[in-house]
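Take a look at the structure below.
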Amino acid sequence: MEEQIKLVHEAIDASLPLSSSDAIEAFRIRFLGRKGTVSALFEQLGSVPKEQKGQVGKLLNELKIKAQSAIDSASAAENGKSLVIPKTDLTLPGTPIQFGRLHPLTVVLNEMIEIFRFLGFSVASGPELEHDWYNFEALNFEHDHPARDMQDTYFIDKDLLLRTHTSPVQIRVMENQKPPIRSIMPGRVYRNEAVSARSYCLFHQLEGLLIDKNVSFVDLKTILLAFAREFFGPQTKIKLRPSYFPFTEPSAEVDVSCHLCHGKGCRVCKHSGWLEILGCGMVDPNVLKAAKIDPEVYSGYAFGMGIDRIAMMRYGIDDIRLLWDNNLRFLQQF
Ligand code: PHE
């Protein structure tokens, strides 16, 4: 019996290595199958004399384990071969995802809207293609008024034009709403100016209008100071210089102390310490009349600021054309 076991050991050694799944299966059938060599030897164990049984049984078990482990390791190697190894290198860094950003003008406008909403103003809008009546006539610009030359206008025909400011929306709001009115009106405006680092043929304004009983110049100053401190920072000062607009009386231009140098003078404020940000005034009674609001009962104030200019000051942009170029290297900085 021991001699037979030795022969099977040799037979097993001779059939290794098992290099295909067919070879593994044939090996299994030959040695461990129901009619296989090892199984046959186990059957003979019954006729082994009692005193040898323990020893022979142990040798048989070793034989079985040897055959089984040959099968196990060959199968493991075979499975490894069939593993799908991905062609992509999963350790490589991924392709970066490009995120979109808000345009600096949008960032500034959103912030302005937020501040005025908080101060109780709602947002209104009007058309960019406007009638002479809304852009000029109702705003107290008479036909031959020299102030019409203050703004170089793109006329479409005798009556239609591209609005030169957002002030025509004041009239549209007053026509559609009864006082009290508290509105801001952001939008695009157009002027026939030579394009340069400082001026572009279209830009953005934010108009403000408040109409109520007993509104005074102090209310205007208060709201403008509140806005300036919220937008430019709590230390900001404002300065009002007398000015002229046909649709406001009295009128003023407003400067804010430079948020970069705090009044000491720098490149952004051209060493004056001040930045000019808006025009404003008390709504002229003629404008209220044009919008069918009784100037004996109501009064109000209006203001208009250039969004592009303010964005340029905020971010230190020195060429207005950058706002229109859609150059990603510029836009990705915001
Ligand atoms: N519409 C004026 C401009 O374009 C600004 C302004 C608005 C002035 C409202 C006074 C009141 O320059």
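Per residue, what accessible area does the stretch 104-331 have, given a 1.4 Å probe and all protein chains present, in Å²?
It amounts to 49 Å² per residue over the stretch 104-331.
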| task | Can you tell me the dipole magnitude for the chain around its Cα centre, using point charges on the Cβ only (Lys, Arg +1; Asp, Glu -1), in Debye to the nearest 20? | result | 1280 debye
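Assuming R0 = 45 Å, what is the FRET efficiency of ASP72 and ILE97, from their Cβ-Cβ distance, to the nearest 0.05?
For R0 = 45 Å, the calculated efficiency reads 0.45.
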| field | Centre separation in Å (Cα based) which lies between the stretch 1-55 and the stretch 145-198 | value | 102 Å
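Under the definition of Cα pairs under 8 Å and six or more residues apart, what whole-number percent is the relative contact order of the stretch 99-227?
Over the stretch 99-227, the number comes to 24 percent.
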| note | In this structure, the FRET efficiency calculated for ASN176 and ALA226 from their beta-carbon separation, with R0 = 22 Å, to the nearest 0.05, is 0.25
| query | Between PRO127, PHE203, GLN44, whose Cα lies farthest towards the positive end of the dipole of the chain when Lys and Arg beta carbons carry +1 and Asp and Glu beta carbons carry -1, centred on the Cα centre? | reply | GLN44
| request: Grab the beta carbon distance between ASP219 and ASN326, set R0 = 35 Å, and tell me the FRET efficiency rounded to 0.05. | output: 0.30
| Positive dipole terminus of the stretch 2-78, leading residue within SER21, ASN61, ALA11 (C-beta point charges) | ASN61
| said: Given contacts defined as C-alpha pairs under 8 Å and at least six residues apart, what's the relative contact order of the chain, whole-number percent? | reply: 15 percent
| Could you give the distance between the Cα centres of the stretch 113-135 and the stretch 280-331, to the whole Å? | 10 Å
| request: List the residues whose amide H sits under 5 Å from the amide H of THR248, counting only those 5 or more places along or on another chain, with H placed 1.01 Å from N in the peptide plane. | output: ASP284
| request: Can you send over the solvent-accessible area of THR88, 1.4 Å probe, protein chains only, in Å² to the nearest 10? | output: 100 Å²
| request: Pick out, from PRO96, CYS269, ALA252, the residue whose Cα sits farthest towards the positive end of the charge dipole of the chain, with +1 on the Cβ of Lys and Arg and -1 on the Cβ of Asp and Glu. | output: PRO96
| field | Net charge dipole size for the stretch 2-78 [Lys, Arg +1 and Asp, Glu -1 on Cβ; Debye, nearest 20] | value | 300 debye
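The values are calculated or read from the model by the stated rules, or taken from the named source; none is laboratory data. Quick caveat: nothing in here was measured; it's all calculated off a predicted structure. FYI the Cβ positions are ideal-geometry reconstructions off the backbone, even for glycines, and counts take in every protein chain you see. Note: accessible area is taken over every heavy atom of the protein model, side chains too, but ligands, DNA and RNA are not part of it. Shrake-Rupley method; radii C 1.70, N 1.55, O 1.52, S 1.80 Å.
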